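Derivation of every value follows stated rules applied to the coordinates shown; laboratory data play no part. Just so it is clear, the model here is predicted, and its values are computed rather than measured. Neighbour counts are summed over all protein chains in view; Cβ atoms, including those assigned to glycine, are modelled from backbone coordinates with ideal geometry.
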Amino acid sequence: MKITKIDTYIAGNPWKNWLFTKVYTDEGIYGVGEGTLMAFAKTIEAAIHELSPFVLGLDPMQVEIITQRLTRDPYSEGGQVHMCAVAAIEIACWDIIGKALNQPIYNLWGGRCHEKLRAYANGWYRGPRTPESYAEKAKIVAKRGYTALKFDPFGNAWRTLSRYDFDLSIDIIRAVRDAVGNQVDILIEGHSRFSVSTALQLANAMAEFRPMWFEEPTHHLNIGAVVEVARQSPVPIATGESFSSKYQFAELLKHNVVSIYQPEPLNVGGLLATKKIADAIDAHYGVIAPHSAQGPVCSAACVQLNASVPNFLIHEIFDEFNDPWEAEIVTNPVKVVDGYIEISDRPGLGIDLNLEEIAKHPYQPEHQLLLFKPGWEARKPQKM
């Protein structure tokens, strides 16, 4: 079997254009993948087509060789952009392999470790940045059976917060805790916003509400800052979604201060790379909660990954809180029932692209989530 062609498709999700691939073979089997990255859909689409000659004619079952061709041979360091392009091809190769062998992907690398996957809701708090709005929406999410939910209460903060915004952020956290009670975990998203001192002030202020974690409070590239916050914070620190290589995880693991890691399969170049990172984290007694804030193909890929990882903690879900048409752009989309994802035994990823529906929602340049612009919480198209 040989790879013969790679096609790309963009779906104009209002808060982030989604980029998908189809990798074709000479035996008629094709696989689907995803390479979504905030603000770079067209860029990664171009990168996929520029990288295609490196793998055309190769056997899609030779994933290690394909990944080497795509990462080593171009002899460049493109970070997340480069690795998302690689992941879009690599995930599709696993889909092909699963279809060819009539097995779900998790059975190809050790089998299933979990009967079902606990999920946490994200993207549910669209609306004004007020304690009342967050609390009202949190109650709805909890009534749907979710036992965990994540949110960013910090507005468009960067490095520091005014006293007003600091107090408002803590009031939002308090309101959500009061709304859902103590039986539901709350997860606080930091989006790499803060300095060490601000992050620690916030961690201490939110500690009474017992968050499951405080995510990326400082910038991911400053390992020293992450380590300092993790050592002093009374709230567990989660991080890793923005890393683009296993070497960054290795650098952080050396310090043994973070126990919750969030590798993003697209940002690190695909499923096998993420599986290897998860194993390294397991060797340091850590757990993983992979980042899954992209499109529905990434969601399905994360289900395959999480099903096979013994140190899996919890699965991120945006899918139920997107626009209704988005559930139609793939067959058999990931679904949550009473806070848990049932694991499919369909071959490969267990899904396929609906190209007709995708064509109805073309790329739009204003489909961005500008996290440092007031009002981003509404998750509506934003102009620069």
Through the Karplus equation 6.51 cos²θ - 1.76 cosθ + 1.60, θ set to phi - 60°, convert the phi angles of region 109-120 into ³J(HN,Hα) values in whole Hz; use x for Gly and Pro.
9, x, x, 8, 9, 9, 6, 8, 10, 5, 10, 10
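Would you kindly give the portion of the calculated P(r) for the chain that falls above 29 Å, as a percent of all Cα pairs? Walk me through the numbers on the way to the answer.
Values: 28943 of 73536 pairs.
Counting pairs separated by more than 29 Å, the tail of P(r) holds 39 percent.
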For region 1-22 and region 97-166, what is the centre-to-centre distance using only Cα atoms, to the nearest Å?
24
Does region 269-384 classify as rounded, prolate or oblate by the C-alpha gyration tensor (a ≥ b ≥ c root eigenvalues; a/c under 1.5 gives rounded; else a/b over b/c gives prolate, otherwise oblate)?
oblate
Per DSSP, loop trypsin sites (Lys or Arg not before Pro) in region 206-285 with at most 13 further Cβ within 10 Å
K254
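Using 0.36 nm per residue, how much length does the chain from A250 to N204 gain when fully extended, once their Cα-Cα distance is taken away?
13.8 nm
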Surrounding net charge for D338, when Lys and Arg each add one and Asp and Glu each subtract one, Cβ distance under 14 Å
+2
Ranked from fewest to most other Cβ atoms within 10 Å of their own Cβ, E316, E356, E326, E208 fall in the order E356, E208, E326, E316
Using alpha-carbon positions, the gyration tensor of region 109-157 gives root eigenvalues a ≥ b ≥ c; with a/c under 1.5 called rounded, otherwise prolate if a/b exceeds b/c, else oblate, the class is oblate
Output needed for region 336-384: three equivalent-ellipsoid semi-axes, defined as square roots of 5 times the C-alpha gyration tensor eigenvalues, in descending order, whole Å.
31, 19, 8
Sorted from largest to smallest, which semi-axis lengths in Å does the alpha carbon gyration tensor of region 1-128 give for its equivalent ellipsoid, taking the root of 5 times each eigenvalue?
25, 22, 14
Where nothing but the Cβ of Lys and Arg (+1) and of Asp and Glu (-1) is charged, how large is the charge dipole of the chain around its Cα centre, in debye to the nearest 20?
540
Cross-link pairs beyond the 27 Å C-alpha cut-off, checked among K116/K380; K42/K373; K5/K335
K116/K380; K5/K335
At a Förster distance of 30 Å, what's the computed FRET efficiency of L58 paired with L355, Cβ-Cβ distance as r, to 0.05?
0.75
Provide M61, M212, M83 in ascending order of the number of other Cβ atoms located within 10 Å of each residue's Cβ, fewest first.
M61, M212, M83
DSSP loop chymotrypsin sites (Phe, Trp or Tyr not before Pro) with at most 11 other Cβ within 10 Å excluded, longest remaining stretch of the chain
76-284
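Can you give the charge dipole size of region 171-248 about its Cα centre, rounded to the nearest 20 debye, using +1 on the beta carbon of Lys and Arg and -1 on the beta carbon of Asp and Glu?
Using Cβ point charges on Lys, Arg, Asp and Glu, region 171-248 gives about 160 debye.
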With n ≥ 4 as the cut-off for DSSP H runs, can you work out [θ] at 222 nm for the chain, using -39500 (n - 2.57) per run divided by the number of residues, rounded to the nearest 500?
-11000 deg cm²/dmol
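So how much slack lies between W109 and D345, counting 0.36 nm per residue of separation and subtracting their Cα-Cα distance, in nm?
Additional length available on full extension: 83.5 nm.
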Using the Cα gyration tensor of region 115-267, with a ≥ b ≥ c the square roots of its eigenvalues, what is the shape: rounded (a/c below 1.5), prolate (a/b larger than b/c) or oblate (neither)?
oblate
Compute, for region 199-326, the length of the dipole vector about the Cα centre, with Cβ point charges of +1 (Lys, Arg) and -1 (Asp, Glu) only. Units Debye, rounded to 20.
540
Net charge near G295 (other residues with Cβ under 10 Å of its Cβ; Lys, Arg +1; Asp, Glu -1) is -2
FRET efficiency for D178 and D26, Cβ-Cβ distance as r, R0 = 45 Å, nearest 0.05?
0.15
Extension length gain for T160 and R144 (0.36 nm per residue less Cα distance), in nm, is 2.3 nm
